[in-house]
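Let me begin by presenting the structure, written as C-alpha cells, before commenting on it.
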Amino acid sequence: SGPSENHEFQAETRKLLDIVARSLYSEKEVFIRELISNSSDALEKLRYFQLNDENIEDRDLPLEIHIKTDENKKTFTIQDTGIGMKKEELLENLGTIARSGSKAFLDTVENSSDAGKNIIGQFGVGFYSSFMVGTKVDVYSKCMEPGSKAYKWTSDGTGTYDLSEAEGVQRGTKIVIHLRGESSEYCVESYALWMMEPKEVTEDMHEEFYRFIANVYDKPRYSIHYKTDAPLNIRALFYVPEYKPTLFDMSRETDSSLQLYSRKVMIMARTNMILPKWLRFVKGVVDSEDIPLNLSRELLQDSSLIRKLQQVLTNRLIKFFQDQAKKDPVRYDQFYEDYGLFFREGIVTSPEQETRENISRLLRFESSKLPAGERTKTSPYMEAMHKKDAEVLFLYESYDELVLMNLGQFDRKTLSGVENDLVDNVGDSNTVDEKDTTSLSQADADTLMNWLKSTLTNRVHKVKITNRLSSHPCVISVQEMGSARHFLRTTFADNH
Ligand code: ADP
Ligand code: MG
C-alpha cells in the first residue's frame, strides 16, 4: 500500500465520535443494523447502475453482504460488493457529518444534561456507531467505476484518521472493527438465534432480533421458529410485524427483507427467491445447510433446491396462519384485516390449485349460513339463492370477486357469482307457473315482456320470465363479473 495521509475529523464529527465512544448505550448492536443498512444501500445503488447497463468494476461479482467474525483477532467484519467509495467520498462521507440523524443527535445531546447517552439508538448515528464497540475501525473500499483505485481508511475514532491506497481489494466496501474488550461478544458466532432450540428463545430475544432484522422499532405480532431436517435442512425465523402494512410494503415492487444463510454465513441480504412474492410481508432469516455457499444468484434462481425450499416454507407458513386462526380467532381477524390483501394476492398469483385452496382457507367472509350473515336477505338475489339453499358469501371488497373467480372452486364446490347463477338457471321456456295464483297470466306476462323488449331495445341483452322470485317483481343482472362492474368502473375512472 502507498503512503498514508493523516486527516483531522471535522470538529462536529470529533464531538460526535467522542460521545459515541464513551456511550453507555446498552443496545450496542445497533451498529450491526447501521452497517448492514449502509451495505444494502450500496448494493441497491449498484443494482441501479447494473440495470442501466453501465460499465462496472468486477462486473461478475454477485451482489452480496458477508459478515465474518474472528474470535482470536477479536474482529467483526462486514463486506459488501456494492458501489464502494472513491477517495473523495471516503473523506467526505466518513470524515464529516452529513446525515441529519447524526446532527439532530448532537443537538439533542448538547442541550441535555445526561449527555443523552441513551438516545443513540433513536437517532441512529450511522457508520460512526461502529465506534461504540470498536477501538479501531478499518474501511477498505473500491469504487464501482472501472479502473478505480482502492483505499484504506483507518481510525481509532479520536481526532484523526489515515487514508492510504490499498491493494487486493475487490469492488465494494469491507469494514473491519477491532472490538473493545467489553464488546467481544460480537465476535462470537453463537449469535445465531435461529440455530437455538425454539424453546430456549425467549419473547425478548425474538423482539430484539426482529427489530434488528426488519430494521424497525415495533414488535412482531407473530413469531415463527421453524426447524426441520426433512425433506431439507431448515432453520428459519419468521416474523409478522405488529404495524399495519404501508403502501410501500404492499407494492409488488418492494423486495422481501428475508435473509438467506447457509451454516450461519449470509448468502443474501434480501432475497425474493425463498418465499413467493405474496409472502413479502414476512420478515426473517432462513438458514439451510443444503444450500452450497458459493452458489451464484443466477444458479440459485433456477435451482430445484430453492423451489423445494420455497414450497416447504410456504406450506409451513400457511399452516401456521391456519392454526393461529383456530387458536386465537380475535387476534387472527385483526391480522386478516391488516394483512388479508396479501392472501388474496397469493390466490391470484399461485399457479397450483392446491396452494390456492390452501391459502383460501385463510380468507374470511360474511356468509348467509352464519347467524349474523343475512344482511342482504331482502335482495332478490338472496331470495333466489335461499330457495336453492345455496350458501352465499358477501363480498364487500371490489377485488374479492376477481379473487374467488380465480379460485374457481373450494372443497370441490363450485364458486359462482349470484348474478351469473341467476342468468344461467332462468331457463328459456318463458312460461309462467300457472299454479302460482299470485303470478301474472301467461297472456299478461307476454304483453309485459314485449313492452319491455321494445322499450329497452339495445339497452338490455335479454328479457325473460322467471319463477325463481316470489316477493320481488324483477331482478336486473349482468352475465359475468357481476360485482366486478364496480371494480372495472373504478379502475377505468382511475386510469382516465
Ligand atoms: P447515512 O447512511 O445516513 O448516509 P452513514 O453514516 O451510515 O449515514 O453513512 C454515511 C455515508 O457513507 C453514506 O451515505 C454512504 O455514502 C457512505 N457509506 C457508508 N457505508 C458505505 C458502504 N458500505 N458502501 C458505500 N458507501 C458507504
Ligand atoms: Mg447509514
Residue-wise HN-Hα coupling along the stretch 390-403, computed from phi with Karplus coefficients 6.51, -1.76, 1.60 (Hz; x: Gly, Pro): 8, 7, 10, 9, 9, 9, 9, 9, 4, 7, 5, 5, 4, 5
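Would you mind getting me the FRET efficiency between Glu145 and Ser303? Use the beta-carbon distance for r and R0 = 35 Å, nearest 0.05.
On the way: r = 33 Å, r/R0 = 0.93.
That pair, Glu145 with Ser303, gives E of 0.60.
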For the stretch 218-235, 3J(HN,Hα) per residue [Karplus equation, 6.51 cos²θ - 1.76 cosθ + 1.60, θ = phi - 60°, Hz, x = Gly/Pro]: 8, 10, x, 8, 10, 10, 10, 10, 10, 10, 8, 10, 9, x, 9, 7, 9, 10
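What FRET efficiency do you get for Lys462 and Leu247 if R0 is 56 Å and r is their Cβ-Cβ distance, rounded to the nearest 0.05?
Working: r = 43 Å, r/R0 = 0.77.
Working from the Cβ atoms, E equals 0.85.
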Burial order of peptide ranges 314-325, 405-416 (average beta-carbon count within 10 Å, highest first): 314-325, 405-416
Under 23 Å from the Cα of Lys86 - lysines, other chains or at least 8 residues apart: Lys45, Lys136, Lys142, Lys149, Lys152, Lys174
Ordering of 243-254, 449-460, 143-154, 72-83 by burial proxy (mean other Cβ atoms within 10 Å per residue, highest first): 72-83, 143-154, 243-254, 449-460
Other-chain or far-sequence residues with amide H under 5 Å of Glu366's (modelled H): Phe394
Largest to smallest principal axis extent of the C-alpha atoms in the stretch 203-278, angstrom: 36, 31, 20
Placed amide H near Glu57: partners under 5 Å, 5+ positions off or other chain: Glu145
Using a Förster distance of 45 Å, the FRET efficiency for His386-Phe320 (Cβ separation, nearest 0.05): 0.75
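Projected area of the stretch 151-236, taken from the Cα convex hull and averaged over every viewing direction, in nm²? Please list the in-between numbers first.
Working: hull surface 39.3 nm².
Its average projected convex-hull area is 9.8 nm².
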Separation of alpha-carbon centers, the stretch 228-247 and the stretch 269-291, rounded to whole Å: 8 Å
Hits among lysines - C-alpha to C-alpha of Lys277 under 21 Å, sequence gap 8 or more where chains match: Lys244, Lys308, Lys319
Phi to ³J(HN,Hα) by Karplus 6.51 cos²θ - 1.76 cosθ + 1.60 over the stretch 431-448, Hz, x for Gly, Pro: 10, 8, 7, 5, 6, 7, 6, 8, 7, 5, 6, 4, 5, 5, 4, 4, 4, 4
Placed amide H near Gly134: partners under 5 Å, 5+ positions off or other chain: Arg180
Candidate lysines - alpha carbon under 16 Å from Lys103, same-chain residues fewer than 8 apart omitted: Lys15, Lys117
Rounded Å value of the spacing that divides the Cα centres of the stretch 159-224 and the stretch 1-74: 13 Å
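Once you have the Cα-Cα distance between Arg270 and Arg412, take 0.36 nm times their residue separation minus that, and quote the gain in nm to one decimal.
Numbers: separation 142, 0.36 × 142 = 51.12 nm, distance 3.83 nm.
Extending this stretch completely gives an extra 47.3 nm.
None of the figures in this text is laboratory data; all of them are computed from the coordinates on show. For clarity, every value in this text was computed on a predicted model and none was experimentally measured. All Cβ positions, glycine included, derive from the backbone under ideal geometry; neighbour counts span all protein chains shown.
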